[in-house]
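The block underneath contains the structure these notes are about, expressed in structure tokens.
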Amino acid sequence: MAKKNKLQNKTTPAGRPVSQPGRPVGVSIHQERITITHSPFLAAEELQKIELVVPGGADRALRLVEKQADHRIKQENRVIVSNIVGERLGQLIGAAIALGGLYAGYQLILAGKGTEGFFAMFAPLAILAGIFVVGRAKRDRELGSRDVHRQ
């Protein structure tokens, strides 16, 4: 019995009773609040809190958001220009391949090799058409998946 009384009277260094199996000592409640925003701007309450802690901090935070927005716009413009240049370059290379195939086929036909000539003419065109269709389908899939993620 004496041992049991010693366990019941034990406390932690903070003065709280030591818990024993089957005997709850107390209840602890932990509460957390999480706010998720889809905007780069902070809520007015958050800006007020920042301003209280760091004088001028709200202005610095807004300038940071503006700088980030400007940077993002520049990056998006670079991507757009790069895509346009890539598309134009692809069109020029495709046109050169098609014209080269047509010319080679024409020369083969003039040399009396009709079957080889027609094959040389239309094979590059068929390959380019296939590349175009596959590329278009891939682009449409990518754009479709971006739309799904934005919603």
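Can you tell me which of Asn77, Asn83 is among the polar types (S, T, N, Q) and at pLDDT below 95? Write out each step before concluding.
On the way: Asn77 fails: at pLDDT below 95.
Being among the polar types (S, T, N, Q) and at pLDDT below 95 holds for just one of Asn77, Asn83, which is Asn83.
If I filter the range 43-57 down to residues being surrounded by 13 or more Cβ atoms within 10 Å (Cβ to Cβ) and either touching a Ser or Thr at 6+ places or on another chain (Cβ under 6 Å) or of a type in the set (A, V, I, L, M, F, W, C) (or both), which single residue comes out as farthest from Gln68 (Cα to Cα)? Steps first, answer last, please.
First, the residues of the range 43-57 that are surrounded by 13 or more Cβ atoms within 10 Å (Cβ to Cβ): 46-47, 49-51, 57.
Next, only the ones that are either touching a Ser or Thr at 6+ places or on another chain (Cβ under 6 Å) or of a type in the set (A, V, I, L, M, F, W, C) (or both) stay: 47, 50.
On the way: Leu47: 17, Ile50: 19 Å.
Among those that are surrounded by 13 or more Cβ atoms within 10 Å (Cβ to Cβ) and either touching a Ser or Thr at 6+ places or on another chain (Cβ under 6 Å) or of a type in the set (A, V, I, L, M, F, W, C) (or both), it is Ile50.
Can you work out which of the residues in the range 43-74 that are charged (D, E, K, R) and under 28 Å from the mean Cα position of the chain (by Cα) is modelled with the lowest pLDDT?
Just the residues of the range 43-74 that are charged (D, E, K, R), to begin with: 45-46, 49, 51, 59-60, 63, 66-67, 70, 72, 74.
Adding the requirement that they be under 28 Å from the mean Cα position of the chain (by Cα) leaves 46, 60, 63, 66-67, 70, 72, 74.
On the way: Glu46: 83, Arg60: 90, Arg63: 91, Glu66: 91, Lys67: 93, Asp70: 94, Arg72: 94, Lys74: 96.
Among residues in the range 43-74 that are charged (D, E, K, R) and under 28 Å from the mean Cα position of the chain (by Cα), the one modelled with the lowest pLDDT is Glu46.
So if I check each of Arg136, Arg78, which one is under 31 Å from the mean Cα position of the chain (by Cα) and either outside any helix (DSSP H, G or I) or more than 30 Å from Leu42 (Cβ to Cβ) (or both)?
On the way: Arg78 fails: either outside any helix (DSSP H, G or I) or more than 30 Å from Leu42 (Cβ to Cβ) (or both).
Arg136 is the lone residue from the list that is under 31 Å from the mean Cα position of the chain (by Cα) and either outside any helix (DSSP H, G or I) or more than 30 Å from Leu42 (Cβ to Cβ) (or both).
Consider Ala96 carefully, then state whether it is surrounded by 12 or more Cβ atoms within 10 Å (Cβ to Cβ) and in a helix (DSSP H, G or I).
Details: surrounded by 12 or more Cβ atoms within 10 Å (Cβ to Cβ): no; in a helix (DSSP H, G or I): yes.
Judged against the criteria, Ala96 is not a match.
If you check Pro17, Pro40, which single one turns out to be of a type outside the set (Ser, Thr, Tyr), surrounded by 10 or more Cβ atoms within 10 Å (Cβ to Cβ), touching a Ser or Thr at 6+ places or on another chain (Cβ under 6 Å) and modelled with pLDDT under 80? Before the answer, list the steps.
On the way: Pro40 fails: touching a Ser or Thr at 6+ places or on another chain (Cβ under 6 Å).
None of the others qualify; the one that does is Pro17.
The values are calculated or read from the model by the stated rules, or taken from the named source; none is laboratory data. From a predicted model like this one, the values you see are computed outputs, not experimental measurements. Here Cβ is always computed from backbone atoms with ideal geometry, including for glycine, and neighbour counts include all displayed protein chains.
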